[in-house]
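Read the structure below first, then the notes.
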Amino acid sequence: MQIRLNLEQKKYGYNVYINELERIEIKGKTAIVTNPKIAGLHLNTLLNSLKCDEYFIISVPDGEEYKNLATIELILEQLFTSKLDRSSTLIAFGGGVISDMTGFAASIYERGINFINIPTTLLAQVDASVGGKTGVNNKFGKNLIGSFYQPKAVYCESKFLRTLAFREFNAGLAEAVKMAVTFDKKMFEWLESATLDEEQNLAKLVERSVLIKTRVVEADEKERGLRALLNYGHTFAHVIENETGYKKYLHGEAVAIGMNMANSLSVKLGLMSQKDALKIKELLAKFSLPTHYALRDESAFYEAFMLDKKTQEGSVKFILSNGIGSAVMKNDIKRDDVIKILREFK
Ligand code: NAD
């Protein structure tokens, strides 16, 4: 199965291949960025499918805490040492952390080299690997340094997902729920009854999510409007992740809590019915995802929104769902209304 993503009025584009890894063929030098855990589990499978002239493995430490400029420097140094040039290719082989960092390194090495994404987590397959957002974190917050840099191709393989830890798998489902709530009511209803341990359902889940992501990115690559709706839950999630030092919650788990917080605000503003908010909470619970966060200080939490990339001239942009299958951006919500909702999470 292939899904085409077209950009700049079809002048440029790339394919997302689902369960078609055997088609991967690369000319020139290739560097595969991965980590020891993923390499141990799946590198042989990748190498068996990969046809290329010469390859190098770049192994980086595992974890969100290493998604920073120091690791980018480490990747770049190895690219220079192995003398990659502008015709070379960088492959991201891992989850969202690896794909965000590899894409960023590819975008700045010699002002940009080829980049291919082979996502190995559900979160990266349904979301992070498609659409060209790359970057790293710093002490001021998440993904604050980065670039828009599109891959040449993306290969999503269901077989890689079989070794994911239960929590990691469910964290990926949070981003799929996000796609359904913001853009696809039918997908939401399907998720309510689907059994995802069946391989064909898993492929369908990736396909539906990638379809939504590609259509959104085609319409708004640089996130000037529509694409921002995919940040539903994220404004809250980024603060939660930052407050908890990126350790307590997986990204998808923080997004699940963030979606629930956004829904409370949406219900308060009369945009979403209590019934829809409850349905979303129940779907998140079906996937063993958290929906509550014991917030310490609502004012500090609100102030942290100011560091979000979506905040402009002191006005916080909230992405809220106005009913399952639809979302809106709001930048005129009163601080007091938000603070009241945040208090409910204390
Ligand atoms: P991750 O990359 O840290 O991977 C999670 C864990 O699973 C890691 O320990 C990893 O080594 C392990 N792992 C990876 N593949 C595995 C496999 N097949 N079997 C067993 N273990 C495996 O986390 P993630 O959830 O994939 O990604 C989160 C990151 O993605 C965040 O940094 C977030 O900001 C980013 N993100 C980016 C975008 C985007 O559009 N660029 C979208 C959403 C999220």
Item to complete: Six or more apart or on different chains, Cβ under 7 Å: which pairs go from a residue in the range 34-53 that's within 11 Å of the ligand (Cβ to nearest atom) to one that's open to solvent by 30 Å² or more (accessible area, probe 1.4 Å) and of a type in the set (D, E, K, R)? Could you list them?
Response: Asn35/Asp62; Pro36/Asp62; Lys37/Asp62
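Look through the range 110-148, keep the residues that are hydroxyl-bearing (Ser, Thr, Tyr) and within 10 Å of the ligand (Cβ to nearest atom), and return whichever of them is farthest from Val177 (Cα to Cα).
Thr134
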Discussion item. Looking only at residues that are among the aliphatic types (A, V, I, L, M) and within 6 Å of the ligand (Cβ to nearest atom) in the range 162-173, which one is surrounded by the fewest Cβ atoms within 10 Å (Cβ to Cβ)?
Written reply: Leu164
Worksheet item: Do you know which of the residues in the range 179-201 that are out of contact with any strand residue (DSSP E or B) (no Cβ under 9 Å at 6 or more places or on another chain) and surrounded by 24 or more Cβ atoms within 10 Å (Cβ to Cβ) is nearest to Val16 (Cα to Cα)?
Response: Met179
Discussion item. I'd like to verify a number: residues in the range 216-242 that are open to solvent by less than 10 Å² (accessible area, probe 1.4 Å), out of contact with any strand residue (DSSP E or B) (no Cβ under 7 Å at 6 or more places or on another chain) and assigned to a loop (DSSP other than H, G, I, E, B), how many?
Written reply: 1
Item to complete: Return only the number of the condition from (1) more than 16 Å from the chain's Cα centre (by Cα); (2) in a helix (DSSP H, G or I) that Gly245 does not satisfy.
Response: (2)
Worksheet item: Can you tell which of Lys159, Lys204, Lys213 is open to solvent by 60 Å² or more (accessible area, probe 1.4 Å), in a helix (DSSP H, G or I), over 24 Å from Asn68 (Cα atoms) and within 14 Å of the ligand (Cβ to nearest atom)?
Response: Lys159
Item to complete: Please enumerate the residues belonging to the range 1-38 that are among the acidic types (Asp, Glu) and either touching a helix residue (DSSP H, G or I) at 6+ places or on another chain (Cβ under 9 Å) or not in a loop (DSSP other than H, G, I, E, B) (or both).
Response: Glu22, Glu25
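The values are calculated or read from the model by the stated rules, or taken from the named source; none is laboratory data. Not measured: the values here are computed from a predicted model. All Cβ positions, even for glycine, are placed from backbone atoms using ideal geometry, and neighbour counts span all protein chains on display. The accessibility values were calculated without ligands, DNA or RNA, using every heavy atom of the protein model including side chains. Shrake-Rupley method; radii C 1.70, N 1.55, O 1.52, S 1.80 Å.
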